[in-house]
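The values are calculated or read from the model by the stated rules, or taken from the named source; none is laboratory data. Quick caveat: nothing in here was measured; it's all calculated off a predicted structure. Virtual Cβ from ideal backbone geometry, glycine too; neighbours counted across all protein chains shown.
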Amino acid sequence: MSKDILEKGAIVQRDKETYAIAPHIAGGIIDPAGLRRIADVAEKYNAKTLKITSAQRIAIVGIDPKDIDDAWKDLGMKAGAAIGLCVRSIKICPGTTFCKRGLQDSVGVGLKLDELYHGMQLPWKFKIGVSGCANSCAEPAVKDIGLIGMSKGWKLLVGGSSGVKPRLGQMLAENLSDEEVFALIDRIIKYYKDHAKKQRLGEFIDEISFEKFKQDILA
């Protein structure tokens, strides 16, 4: 039976014969030329469909395994971290860049987090959501780290998940500036990387207790 090809960012499909590849689109923001390139590659290699994913990527679905390398070469884009034990997607909403309801710069903060952490190897898969207001369009409450833009700054949640055992994140801190957010997330990720076993952040927090986690991170 065919398996995912981690080193090529290729995910085997239900037919066990073809693969999906998903180029990295930071924050789901792409220019027209990039969009055309994805469409051209899909047509050239007879992909079965294009799928807009929940992680704000465009997956090219139904690629023959012999065409994977050439498809990536034609795309000229790095693979989205859709599989593996790493930081997957940084999901962001339009925030103050585009949305009339935005209270904080989710695009700027989200793209910076993507630049810093996308694909970083960690004890388990890891997702981050950045929403510019309490409407939470980037689903921050069900991410390992979630940011919600409020009038006085960012609210930071930890330990959420929408997986097999769904759970809401717990609030670690609020009224944070952009700089404080970057510093705090860096501490969280390093602490998790250094101390957790093969487990999601929320499971790790449960194991050591939220009180200890909060004390160690905010100390």
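Quick check on my filter: what residues within segment 54-67 are part of a loop (DSSP other than H, G, I, E, B), surrounded by fewer than 16 Cβ atoms within 10 Å (Cβ to Cβ) and of a type in the set (D, E, K, R)?
To start, the set of residues in segment 54-67 that are part of a loop (DSSP other than H, G, I, E, B) comprises 54-57, 64.
From what is left, the residues that are surrounded by fewer than 16 Cβ atoms within 10 Å (Cβ to Cβ) are 54, 64.
If the condition is that a residue be part of a loop (DSSP other than H, G, I, E, B), surrounded by fewer than 16 Cβ atoms within 10 Å (Cβ to Cβ) and of a type in the set (D, E, K, R), then Asp64 is the only one that fits.
Which of the residues that make up segment 68-97 are surrounded by fewer than 19 Cβ atoms within 10 Å (Cβ to Cβ) and of a type in the set (D, E, K, R)?
Once the filter is applied, which keeps residues that are surrounded by fewer than 19 Cβ atoms within 10 Å (Cβ to Cβ) and of a type in the set (D, E, K, R), segment 68-97 yields Asp69, Asp70, Lys73, Asp74, Lys78.
Yes/no per residue for (1) assigned by TED's automatic domain parsing to the domain that holds Lys125; (2) touching a helix residue (DSSP H, G or I) at 6+ places or on another chain (Cβ under 7 Å); (3) free of Cβ contacts under 8 Å to residues at least 12 places away in the same chain; (4) surrounded by fewer than 13 Cβ atoms within 10 Å (Cβ to Cβ):
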residue: Asp178; (1), (2), (3), (4): yes, yes, no, no
residue: Tyr191; (1), (2), (3), (4): yes, yes, no, no
residue: Asp194; (1), (2), (3), (4): yes, no, yes, yes
residue: Arg200; (1), (2), (3), (4): yes, no, no, no
residue: Ile205; (1), (2), (3), (4): yes, yes, no, no
residue: Phe210; (1), (2), (3), (4): yes, no, no, no
residue: Lys214; (1), (2), (3), (4): yes, no, no, no
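Considering only segment 111-161, how many residues are touching a residue at least 60 places away in the same chain (Cβ under 8 Å) and over 15 Å from the mean Cα position of the chain (by Cα)?
Looking only at that region, the number is 1.
For segment 76-85, give me each residue that is over 17 Å from Gln56 (Cα atoms) and either in a strand (DSSP E or B) or among the hydrophobic types (A, V, I, L, M, F, W, C) (or both). It would help to see each step written out before you state the result.
First pass over segment 76-85, keeping only residues over 17 Å from Gln56 (Cα atoms): 76, 84-85.
Result: Leu85, single match.
What number of residues within segment 16-53 satisfy the criterion of being under 26 Å from Val109 (Cα atoms), surrounded by 14 or more Cβ atoms within 10 Å (Cβ to Cβ) and small (Gly, Ala, Ser)?
Number of matching residues: 5.
For Ile29, are the conditions met, namely being out of contact with any helix residue (DSSP H, G or I) (no Cβ under 7 Å at 6 or more places or on another chain), on the phi < 0 side of the Ramachandran plot and modelled with pLDDT of 95 or more? It would help to see each step written out before you state the result.
Details: out of contact with any helix residue (DSSP H, G or I) (no Cβ under 7 Å at 6 or more places or on another chain): yes; on the phi < 0 side of the Ramachandran plot: yes; modelled with pLDDT of 95 or more: yes.
Answer is yes for this residue.
Failed condition for Ile145, given (1) at pLDDT 95 or above; (2) over 22 Å from Ile25 (Cα atoms), with all others met?
Of (1) at pLDDT 95 or above; (2) over 22 Å from Ile25 (Cα atoms), only one is false for Ile145: (2).
Restricting to segment 86-108, give me the number of residues that are assigned to a loop (DSSP other than H, G, I, E, B) and touching a strand residue (DSSP E or B) at 6+ places or on another chain (Cβ under 9 Å).
Step one: list which residues in segment 86-108 are assigned to a loop (DSSP other than H, G, I, E, B), which gives 93-94, 99-105.
Okay, now just the ones that are also touching a strand residue (DSSP E or B) at 6+ places or on another chain (Cβ under 9 Å), so 93, 102-105.
Of the residues in that region, 5 qualify.
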